[in-house]
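Okay, structure first, notes after.
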Amino acid sequence: VKINEKYRMTNQRQVILEEIQKVRTHPTADEIYQMVRRRIPNISLGTVYRNLEILHECGLIKKLELGRSQKRFDGYIDEHYHIRCMQCGKVGDLAMDVSHLLDQASMSGSDFKILDHRLEFLGICAECQLKKVEKTH
Ligand code: ZN
Ligand code: MN
């Protein structure tokens, strides 16, 4: 089966895609490698990296490159915002509509034709909030 003009859907690629789509934790390449290895024990980290780039190029997964932390991947490709825990680094989906009003509003501030924007919310996740409370008692 062809994904696009350039690539076929190989078995390895299919397994990597399925593993990413199973979770909503936005795993890193290393985490995906560990997940995929349970199904393809002899796969290499390099192969996983290469296939992640191809799946991204084909629009089947999203790459999260915000912040200075490691790249993360997302199998949920509908547009949505992310929230990152400043304590533990966990990345979650935000249940809020993406605002195209921002794109329009930004155009009055420059001579660019704005097509898209990237926005990440930062905070402390529920688990880390609890840890803080435990410490103070
Ligand atoms: Zn946290
Ligand atoms: Mn997401």
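Points to keep in mind about this one:
- Residue within the range 7-20 that is over 20 Å from the mean Cα position of the chain (by Cα), part of a helix (DSSP H, G or I) and either surrounded by fewer than 17 Cβ atoms within 10 Å (Cβ to Cβ) or not aliphatic (A, V, I, L, M) (or both) present: yes
- If the condition is being in contact (Cβ under 8 Å) with a residue 12 or more places away in the chain, farther than 25 Å from C88 by Cα and of a type outside the set (K, R), then the range 17-45 contributes L17, I40, I43.
- Selection count where residues are surrounded by fewer than 15 Cβ atoms within 10 Å (Cβ to Cβ) and away from ligand 1 (no atom under 15 Å from the Cβ), scope the range 72-92: 5
- Total residues in the range 106-126, condition surrounded by 10 or more Cβ atoms within 10 Å (Cβ to Cβ) and away from ligand 1 (no atom under 16 Å from the Cβ): 5
- Within the option set L60, L130, L102, being among the hydrophobic types (A, V, I, L, M, F, W, C) and in a loop (DSSP other than H, G, I, E, B) holds for one residue only, L60.
- Residue within the range 67-90 that is away from ligand 2 (no atom under 16 Å from the Cβ) and part of a helix (DSSP H, G or I) present: no
- Check on Q129, surrounded by 11 or more Cβ atoms within 10 Å (Cβ to Cβ), without any contact (Cβ under 8 Å) to a residue 12 or more places away in the chain and within 16 Å of ligand 1 (Cβ to nearest atom): yes
Here, each number is a calculation from the coordinates, and none is a lab measurement. Just so it is clear, the model here is predicted, and its values are computed rather than measured. Ideal geometry is used to build each Cβ from the backbone, glycine not excepted, and the neighbour counts take in all protein chains shown.
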